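Below: one structure, written as structure tokens.
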Amino acid sequence: MTNQQESFKTLRKKYPQFHYLNYEFEVQENCVFMQFFFQTNELVFSPKMTLKFGKYAQSMNKNEMEGVVFNIGLIELVSYWKATCSPNIVIHNYTLDKRQEKWWRKLYYKGLAEFLYQNKIECRQNHFVRFSFVEEAKPYSALQFKEIKNAKKAIVPIGGGKDSVVTLEELRKKEEIVPFIINPRGATLDCARVAGFKDLNEIVILEREIDKNLLACNAQGFLNGHTPFSAMLAFYTLLVSYGTRTRRIALSNEASANEPTVFGKEINHQYSKSLEFEEDFQDYVCYYMEDCAYYYSHLRKFSELQIAEKFAQYPQYFSVFRSCNAGSKENVWCCNCPKCLFAYIILAPFIDKNTRLQIFGEDLLNKPEMQHFFNQLIGKESTKPFECVGTVQEVITALKMLDNSKEKSCLLGEFSLPDDSR
């Protein structure tokens with residue numbers, strides 16, 4: 001492995017400025033087409049996005065939408081900026097006030113904490129990135145949204161896993177749901193279909209494109225790693241809120257998302273799913289976006305165990321839900337990753353073994369190759385897996401519940417509560 005700390009320093013020196021040049025967007029019937037323009041030296045990126053509102057589309061005014069699109073560009077920029085980690089981001093359209101700058105600097109730093117850790121890069125937050133503005137940039141002005149009032153309607157992003165299924169089922173019993181999917185795949189569409197949204201016109205869909213020049217940079221050895229996907233999702237939901245006149249945005253982030261991935265440090269794979277980010281984001285929306293939407297997590301008060309118990313009440317989803325990132329393109333459980341193992345464990349107290357075998361295809365607690373992930377999940381190692389998994393204590397509780405059921409499993413036979421259990 002190359003010395004990424006030295007690469008970090010070299011790239012920041014070679015690419016001292018990263019420019020957010022511009023953005024363009026066009027409204028056509030029930031769609032919004034967006035393109036963003038970023039550049040640093042010879043590296044040019046222009047990702048394209050298409051947001052389709054389907055049957056939920058309302059009349060849209062470009063002047064009212066512009067502030068949201070500008071902010072979407074700031075979060076999309078993260079994926080491209082991280083290739084060089086240029087110390088200065090130059091914004092060409094608007095200036096940010098000091099409070100805004102501080103907000104974005106925190107999101108970049110905490111949202112990329114895993115990226116820094118995995119690449120063995122050390123950098124203090126106040127040195128990580130700063131913003132500057134061209135002379136022609138205009139002061140940022142708040143949006144001019146009209147107040148939206150519809151208490152019995154909510155946007156629900158669907159990720160294809162158990163969490164969004166629980167949110168869907170609990171909310172759709174009492175109110176209208178606007179389902180939202182980013183880059184639809186098998187599990188997301190199948191879960192929406194089971195929930196009653198059988199036609200693509202009944203789903204708000206974002207087609208998000210990664211510029212091929214970024215993929216080329218990754219292949220050439222530029223910096224690469226995890227970005228705060230859920231923060232990007234948050235800003236897009238504001239545009240969905242406006243385009244569908246739906247104020248409430250109901251996420252499916254659980255209490256467990258607040259636990260650090262690296263014990264004893266503020267490094268959390270799920271930072272942009274945490275309560276800290278949720279509160280920061282809602283504060284930003286209130287202060288800089290005229291309180292245009294209410295963003296919250298319907299599952300925030302629940303543990304992963306409680307969510308798993310709720311999910312077990314909806315067997316119609318057992319054959320279609322997926323929580324595996326590695327197998328998402330093929331719409332399968334790969335059964336070789338910590339996410340699969342965690343899902344298997346957390347559901348085990350509530351779903352019988354035969355049904356679990358039908359869901360996953362094999363008994364993951366009888367697979368010696370999973371021992372390393374097992375040890376991470378129960379806190380025997382210094383980090384949890386860098387995946388969206390529950391707390392160590394939740395995993396231990398689930399395993400104890402399973403142990404009491406006398407289910408035979410080779411990994412469970414090796415299970416013992418760590419001395420320094422958390």
* Can you give me the P(r) profile for the stretch 268-391? Cα pairs, bins 5 angstrom wide beginning at 0, each as a whole percent. => 2, 10, 16, 19, 18, 13, 9, 6, 4, 2, 0
* Name the residues whose placed amide hydrogens come within less than 5 Å of the amide hydrogen of residue 290, ignoring near sequence neighbours (fewer than 5 apart) on the same chain. => 143
* Asked: Contour minus end-to-end for residue 33 and residue 126, with contour as 0.36 nm per residue of separation and end-to-end as the Cα-Cα distance?
  -> 29.9 nm
* To do: Within the set of other residues whose C-beta is less than 12 Å from the C-beta of residue 171, count the net charge using Lys and Arg as +1 and Asp and Glu as -1.
  => +2
* Run through every distinct alpha carbon pair of the stretch 251-309 and return the Kirkwood hydrodynamic radius in angstroms, one decimal place. => 12.4
* To do: Using only the alpha carbons of the chain, determine the length spanned along each of the three principal axes and report them from longest to shortest in whole angstroms.
  => 70, 52, 33
* To do: Report the accessible area of residue 208, computed with a 1.4 Å probe over the heavy atoms of all protein chains in place, in Å² rounded to the nearest 10.
  => 40
* Rank 241, 319, 7 by accessible area, highest first, at a 1.4 Å probe radius? -> 319, 7, 241
* With each run of n ≥ 4 DSSP H residues scored as -39500 (n - 2.57), what mean residue ellipticity at 222 nm is computed for the chain after dividing by its residue count and rounding to the nearest 500 deg cm²/dmol? -> -11500 deg cm²/dmol
* the stretch 156-273 - convex hull of alpha carbons, volume per residue in Å³ -> 137
* To do: Would you mind getting me the FRET efficiency between residue 263 and residue 316? Use the beta-carbon distance for r and R0 = 41 Å, nearest 0.05.
  => 0.60
* Structure fact -> Using alpha carbon centers only, the stretch 268-315 is separated from the stretch 152-191 by a whole-angstrom value of 14
* Would you please state the base-10 log of I(q)/I(0) at q = 0.09 1/Å for the stretch 1-157, with intensities from the Debye formula using one equal scatterer on every alpha carbon? => -0.36
* To do: Let me know the volume per residue of the alpha-carbon convex hull for the stretch 49-106, in Å³.
  => 125
* Under a 5 Å amide H to amide H cut-off, with H placed in plane at 1.01 Å, what residues pair with residue 132 once short-range neighbours are removed? -> 89, 90, 91
* Full-extension gain in nm, residue 362 to residue 207, via 0.36 nm per residue minus C-alpha separation -> 52.4 nm
* For residue 178, distant residues with modelled amide H under 5 Å away -> 154, 155, 156
* Asked: In the Gaussian network model of the chain, springs joining C-alpha atoms below 10 Å, which of 343, 255, 326 carries the largest mean-square fluctuation?
  -> 326
* To do: Figure the gain on full extension for residue 383 and residue 219 (residue separation times 0.36 nm, minus the Cα-Cα span) and round it to one decimal in nm.
  => 56.3 nm
* Asked: Counting pairs of alpha carbon atoms under 8 Å apart in space and at least six apart in sequence, what relative contact order in percent does the stretch 305-380 give?
  -> 30
* To do: Step through the table entries 55/173; 55/82; 153/273; 174/384, compare each Cα-Cα distance with 31 Å, and write down the pairs that go over it.
  => 55/82; 174/384
* So what's Rg/Rh here for the stretch 215-288, counting alpha carbon atoms and using the Kirkwood radius for Rh? -> 1.07
* ³J(HN,Hα) computed for each position of the stretch 171-182 - Karplus, 6.51 cos²θ - 1.76 cosθ + 1.60, integer Hz, glycine/proline x -> 7, 6, 6, 10, 7, 6, 10, 10, x, 10, 10, 9
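The values are calculated or read from the model by the stated rules, or taken from the named source; none is laboratory data. None of the values given here were measured: they were computed from a predicted structure. For neighbour counting, all protein chains shown are included, and Cβ atoms are generated from backbone atoms with ideal geometry for every residue, glycine included. Keep in mind that these areas ignore ligands, DNA and RNA; they rest on the heavy atoms of the full protein, side chains included. Shrake-Rupley method; radii C 1.70, N 1.55, O 1.52, S 1.80 Å.
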